[in-house]
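Participant: One structure follows; several queries about it will come next.
Please treat every number below as a calculation from the coordinates, not as lab data. A quick note: this is a predicted structure, and the numbers were derived from the prediction, not measured. In this analysis, Cβ positions are derived from the backbone assuming ideal geometry, glycine residues included, and neighbour counts consider all displayed protein chains.
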Amino acid sequence: MPARLIDGNALADRLRAELAPGIAAVQAARGAPPRLAALLVGDNAGARVYARSQAKSCAEAGIAYDLVEMPGDSSADAVAARIDALAADASVHGILLQMPLPEGMNARDMAERIPPAKDVEGITAANLGKLLFYEGADLVPCTAAAAFELIRFAGCEIKGAECVVVGHSPIVGKPLVCLITNALGTCTCCHIGTRDLKAHTTRAEILVVAAGKAGLVTGEHIRPGATVIDVGINRVPVLDEKGEPVLNEKGKKKMQTVGDVDFASAAEVAGAITPVPGGVGPVTVAMLLRNTVRAAQAQARG
């Protein structure tokens, strides 16, 4: 039987609806809605698309959104000063950095200038550290939080479950391992150094794949009936029946968005699976909105 689809759009709609009371409370307390400031340095096309999506989502939720733009040749000192100014602005409740930053600029150093209370991406050492100490971390990395919420939305009992996370990035894999472990799931983290990926993934009742490699996990890697959360977003060519790229009307390769999991084979084995697109992506945006509202509520309380 084909796997049940885990509808990320439906979960995102529910999560956004749950934000309304918090937004109203901030409006009542501060006389203004929660405000998110996104800093864009340079003119990266992908980052600009993401910024437009953020602005649209914030507007729909009733959150103020400012896109703060700087030239691509801005110095590191100038970018640092702009972050510091946003940090000192009491009307700004959340700050995020649009990636990538210009070549040669240390993204980690810039991110650490964001006060933890305004770190709505949950990527500063202070916010990541709370996960390690089982503390109530309100500002969790958005994609990791999205994957965790989708596991729960799928109806999984995390406590005691065999869980495998493929990918060990500091903003997805590692924080997700902490979230699962804190919920008393038994979690294995696989990565590029893992010798036998299949040996681990076929044990997983809950499998999350966040490696950034299209088709890395196929049906043969999956335990029958497992819940599979596909975090990957990859652009790959559409192929014809001969395996050749399909061209569009302009003679260029037609592209499609796929995950890290080969959906067709995985769906024949898994019990439930997220699609790409329509799975983790919309929930990640909802997590960014939730973090912004949480940050604004905490600042309103003083």
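Participant: Which distance in Å, rounded to a whole number, links the C-alpha centroids of the stretch 172-204 and the stretch 104-119?
Facilitator: Each part reduced to its Cα centre gives a spacing of 27 Å.
Participant: Now a separate question. Return the loop-located GluC sites (Glu not before Pro) in the stretch 99-145 (DSSP other than H, G, I, E, B) with at most 16 other Cβ atoms within 10 Å of their own Cβ; answer none if there are none.
Facilitator: Answer by residue number: GLU103, GLU112, GLU135.
Participant: Let me ask you something else. What is the local net charge at ALA85, summed over the other residues whose Cβ is closer than 15 Å to its Cβ (Lys, Arg +1; Asp, Glu -1)?
Facilitator: Residues near ALA85 contribute -1 overall.
Participant: Quote the relative contact order of the chain in percent (integer), defining contacts as alpha-carbon pairs under 8 Å separated by 6+ residues.
Facilitator: Rounded, it is 23 percent for the chain.
Participant: Can you name the helices of the chain, as whole DSSP H runs, whose Cα span along the helix axis is 27 Å or more and whose Kyte-Doolittle mean is not below -0.5?
Facilitator: 280-301
Participant: So what is the calculated 222 nm ellipticity per residue for the chain, using -39500 (n - 2.57) for each DSSP H run with n of 4 or more, over all residues, to the nearest 500 deg cm²/dmol? Could you put the intermediate results ahead of the total?
Facilitator: Values: 11 runs with 118 residues, N = 302.
Mean residue ellipticity at 222 nm (helix-derived): -11500 deg cm²/dmol.
Participant: Got the relative contact order for the stretch 27-170 handy, in percent, Cα pairs under 8 Å and 6 or more residues apart?
Facilitator: 21 percent
Participant: Quick check on the stretch 30-116: take the gyration tensor over C-alpha atoms, sort the square-rooted eigenvalues as a ≥ b ≥ c, and tell me if it's rounded (a/c under 1.5), prolate or oblate.
Facilitator: Oblate shape, in that a/c is at least 1.5 and b/c is the bigger or equal ratio.
Participant: Sticking with this one: What do you get for Rg/Rh over the stretch 154-302 if you use C-alpha atoms and the Kirkwood form of Rh?
Facilitator: Taking Rg over the Kirkwood Rh, I get 1.05.
Participant: If you don't mind, another one. Where does the longest stretch of the chain lie that holds no chymotrypsin sites (Phe, Trp or Tyr not before Pro) found in a DSSP loop with 12 or fewer other Cβ atoms within 10 Å?
Facilitator: Numbers: sites that count: PHE133, TYR134.
Longest run free of exposed loop sites: 135-302.
Participant: For the pair GLU220 and HIS191, how long in nm is the line joining their label points, each one 7 Å along Cα→Cβ?
Facilitator: 2.7 nm
Participant: Between ALA78, GLN98, SER57, whose Cα lies farthest towards the positive end of the dipole of the stretch 30-116 when Lys and Arg beta carbons carry +1 and Asp and Glu beta carbons carry -1, centred on the Cα centre?
Facilitator: SER57
Participant: LYS242 to ALA10: extension gain in nm, 0.36 nm per residue of separation minus the Cα-Cα distance?
Facilitator: Extra length available between LYS242 and ALA10 comes to 79.9 nm.
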